[in-house]
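Nothing in this text is a laboratory measurement; each read-out follows from the coordinates by a stated rule. This is a predicted model, so every value here is computed, not measured. Every residue, glycine as well, gets a Cβ built from its backbone with ideal geometry; the counts of neighbours run over all protein chains shown.
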Amino acid sequence: MSDFALVCEGLVKCYGDVTAVAGLDLQVRRGECFGMLGPNGAGKTTTIEVLQGLLEPDAGRVEVLGLSWKGHAAELRQRLGSQLQETRLPNKLTVEEVVRLFRSFYRRARSGESVLAEVGLVEKRRSWVSKLSGGQRQRLAVACALVSEPEVLFLDEPTTGLDPQSRRQVWEIVQQFRRRGGTVLITTHYMEEAQRLCDRVAIIDQGKVIALGAPAELIASLGAEHVVEFSVGDGATIGDEIYLGLPGVEAVSRDAGSVRLTASRVHVVVPRLMHLLQDRGLELHTLTTHHATLEDVFLALTGRHLRDG
Amino acid sequence: MADTRPSPIVQLTLWRLREFLREPEALFWVFAFPILLAFALGIAFRSRGPQAIQIAVEDGPLASLTAADLRRSPRLDVHVLDSAAAHDALHGGRFALVVRPGASPAITYDSTRSESEVARLVVTNALQGAAGREDPIAIRGVGVTEPGARYIDFLIPGLLGLNIMGTGMWGVGFGIVKNRTEKLLKRFLASPMRRSEYLLSFILARLVFLGLEVAALLLFGHWAFGVPLRGSLLVLAAIVVLGAMTFAGLGTLVASRARTIEGVSGLMNLVMVPMWIFSGVFFAYSNFPDSVQVAARVLPLTALNDALRAVLLDGATLWGTAAELGVMTAWAVIAFALALKMFRWE
């Protein structure tokens, strides 16, 4: 048995002139939660749909649970669970009717009641889908994916558009599934989600993996774990080399009028920075500091924000 | 929830049924609307017997005498007017003809209107009789009003066919396209659901409602207007089921590629509107020129309507409607085969 639940090698998928996935390699280990992080249009959904057997790749090799889709589609569909972006479940059915419908497709399935308990929708089981909140609907979509007790769970932006509390509820469901040994492939453009849930993350941009590793490793690759971001009054520029001269500053980047310093020791850098600006007679407009995130990794790699698309 | 695994085909069919029953508007269009339509048309075109013919007599010295002679005929409603007003009203269609009194009276009438022609015969008879003509022989008339030959008898089978077409095409076609736009089809594709069971569930759900739909309209026609059912119920059921399959097939075909509700609605109308006109729903297609009739007979709704009328009104057997059943079967087979070939799941 292969150690990997999911494998992509040299995956290519084009839509007309647009290349959505341009030679992507991916290996997801059994039992791990693997995140694909990237802006809209990076090729995350296309990749996940190829792995789910919904799209034929133009080139490359795909293996799911050690099998290829060709000739094993019926078996694989029994062993995978999917939540797709934008699926609207039948509005006029009740929660338990929807779960029962999905449950009927699988040879081996859990009881609807235990799935609803797991996603926290037992009280809502008699409500129509149309009466559910966005978060409840999304949990129902995940319940439909979990009802067969799949070996691999695919989640395509499961928390997009949800409020923070609903988001945490979905995370809790994913973590429970993992504790039972399930493998998860999740796409997201929320850094916090990836950092919280994923053992490893692939940062994807323009159809390729541009960075791969545990979230902490990727952040550590920046060389320092804090970011100091500030903007100053007039156009007077200070050269990067002067900032780099400040103790603990590892990198400098500029973004829409503000300067970002990646630094290891904020408490040392900030007073020195104040001093420097004061000496030059520059007025400080904004100043923020935060722990470096995967967003900063993406920014460092591409010069763009994740959310910019 | 029970722990035994539910059957997918039952669950899919239940879903279709629930979706329909929980949509009050759909219930109205399928059950109430055809009955309301039958009721309104049945009242508007009810058999009232011949009405009095409206005629005018030009005012003048002999007018009152002539008018009195004509009024003895119960079929005539006589108005005395001055010449100009009478002729204006004749051109406007209010009168069937105008009589100018005299030693030899003149009748002005429109020979292209059958009502006008009938009026001329009645007026001629009345005036000749008043002048003393004797009829050489006596002729007896025997009146009949037989159920089966009235407009409502023609209409009810037509509405039945129309309803089977409408619910079949909309029920299946609209449902599939809705699932596609909601990305549910794609979600099902990611599960081990059998595609054949998905499509079959639409047909099974159709069959459940079909019986109710047909019974509602037929019973209404029978109770309210005495529309007959002369053939066997079994033959009727066979025709109705085949008709429903045919239009479920056409509905699937129309929905096989459409990506939007607007797109499928346009296609539906493109397919259905010609059949409203050419398939003998509200009026007989024998009113069309011969070449058009040949084309009309090939339409699936024409075949269904003809078969329904043959069974309901003439008591035809299954064998007697073989040609119509053949036309429907051909449509059903071709539509399903094409639909399955073209079907787009996402």
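Please work out the C-alpha center-to-center distance from segment B:241-259 to segment B:271-346 and express it in whole Å. Using only Cα atoms, the two centres lie 14 Å from each other. Pairwise Cα separations in segment B:179-307 fall into 10 Å bins from 0 onward with the following percentages, short to long: 10, 30, 34, 19, 7, 0. If I fit a long axis through the Cα atoms of helix B:322-342 and take the longest principal axis of the Cα atoms of chain B, what angle between them do I get, 0 to 90°, rounded to 10? The angle comes out near 40 degrees. Over all projection directions, the Cα-based convex hull of segment A:2-58 averages an area of 4.1 nm².
Other protein chain C-beta atoms within 10 Å of residue C-beta, averaged over A:103-111: 5. Database remark: amide H of A:ALA251 closer than 5 angstrom to the amide H of A:THR262 (H placed geometrically; neighbours at sequence offset of 5 or more, or on other chains; Pro and chain starts carry no H). Ranked by the mean number of other Cβ atoms within 10 Å of their residues, highest first, the peptides B:268-279, B:285-296, B:9-20, A:94-105 fall in the order A:94-105, B:9-20, B:268-279, B:285-296.
Once the Kirkwood radius over Cα pairs is known for chain A, the Stokes-Einstein relation at 25 °C and 0.890 mPa s delivers a diffusion coefficient of 115 µm²/s. Computed from Cα atoms alone, the Kirkwood hydrodynamic radius reported for chain B is 24.1 Å. Taking the alpha-carbon centroid of each part, what is the distance from segment A:110-153 to segment B:179-206 in angstrom? Using only Cα atoms to place each centre, the spacing works out to 20 Å.
Taking the Cβ-Cβ separation of B:MET342 and A:ASP25 as r and a Förster radius of 35 Å, what is the calculated FRET efficiency to the nearest 0.05?
Between B:MET342 and A:ASP25 the formula returns 0.45.
Dipole magnitude for the protein assembly as shown: computed about the Cα centre from +1 point charges on Lys and Arg Cβ and -1 point charges on Asp and Glu Cβ, it is near 1880 debye.
For segment B:18-132, the fraction of C-alpha pairs farther apart than 23 angstrom is 45 percent.
Calculate the mean, over all residues of peptide A:94-101, of how many other protein chain Cβ atoms lie within 10 angstrom of the residue's Cβ. Please list the in-between numbers first.
On the way: counts 2, 0, 1, 5, 2, 1, 8, 10.
Mean number of neighbouring Cβ atoms from other chains: 4.
Bin width 10 Å, origin at 0, all Cα-Cα pairs of segment A:223-291: what percent of pairs per bin? Answer for segment A:223-291: a P(r) of 21, 62, 16, 0 percent. The order of the peptides B:164-176, A:28-40 by mean Cβ neighbours within 10 Å, most packed first, is B:164-176, A:28-40.
Beyond a 19 Å Cα-Cα separation, which of these cross-linked pairs lie in this structure: A:LYS92/A:LYS124; A:LYS124/B:LYS186; A:LYS13/A:LYS44; A:LYS13/B:LYS341; A:LYS124/B:LYS183; A:LYS70/B:LYS178?
Details: A:LYS92/A:LYS124 14 Å; A:LYS124/B:LYS186 26 Å; A:LYS13/A:LYS44 11 Å; A:LYS13/B:LYS341 24 Å; A:LYS124/B:LYS183 23 Å; A:LYS70/B:LYS178 30 Å.
The pairs that break the limit, which is 19 Å between Cα atoms, are A:LYS124/B:LYS186; A:LYS13/B:LYS341; A:LYS124/B:LYS183; A:LYS70/B:LYS178.
For chain B, averaging the sequence separation of C-alpha pairs within contact (under 8 Å, six or more residues apart) and dividing by the residue count gives a relative contact order of 20 percent.
What is chain A's relative contact order, in percent, from Cα pairs under 8 angstrom and six or more apart in sequence? Could you put the intermediate results ahead of the total?
Numbers: 593 pairs, mean separation 61.8, N = 309.
Answer for chain A is 20 percent.
Its alpha carbons considered, the protein assembly as shown gives a radius of gyration followed by a Dmax of 39.2, 136 Å. Springs join every pair of Cα atoms under 10 Å in this Gaussian network model of chain A, and among A:ALA202, A:ALA141, A:ALA73 the largest mean-square fluctuation is at A:ALA73. For the peptide A:82-91, the mean number of other protein chain Cβ atoms found within 10 angstrom of a residue's Cβ is 5. Comparing A:ALA59, A:ALA143, A:ALA20 in a Gaussian network model of chain A (Cα springs below 10 Å), the most mobile by mean-square fluctuation is A:ALA59. Close amide H partners of A:GLU149, meaning residues 5 or more places away or on another chain with modelled amide H under 5 Å apart, are A:ARG110.
For the peptides B:297-303, A:21-27, the ranking by packing is B:297-303, A:21-27, with the highest mean count of neighbouring Cβ atoms within 10 Å listed first.
At q = 0.24, 0.27 Å⁻¹ the log10 of I(q)/I(0) for segment A:82-138 amounts to -1.07, -1.30, computed by Debye summation with a single uniform scatterer per C-alpha, solvent ignored. Derived scalar couplings between HN and Hα for segment A:48-64 equal 5, 6, 5, 5, 7, x, 8, 10, 8, x, 7, 7, x, 10, 10, 10, 10 Hz in order, rounded to whole Hz, by the Karplus curve 6.51 cos²θ - 1.76 cosθ + 1.60 (θ = phi - 60°), x for Gly and Pro. Across segment A:79-183, C-alpha contacts under 8 Å between residues 6 or more apart give a mean separation that, scaled by the residue count, equals a relative contact order of 40 percent.
In chain B, the longest principal axis of the Cα atoms and the axis of helix B:261-278 are about 40 degrees apart. Here is the tail figure for segment A:128-171: Cα pairs spaced more than 18 Å apart come to 27 percent of all pairs.
Calculated from DSSP H runs of 4 or more alone, at -39500 (n - 2.57) each and per residue, what is the 222 nm mean residue ellipticity of chain B, nearest 500? Working shown, then result.
Working: 15 runs with 214 residues, N = 346.
Value at 222 nm, helices only, nearest 500: -20000 deg cm²/dmol.
Here chain A is treated with +1 on each Lys and Arg Cβ and -1 on each Asp and Glu Cβ, and its dipole about the Cα centre works out to around 1540 debye.
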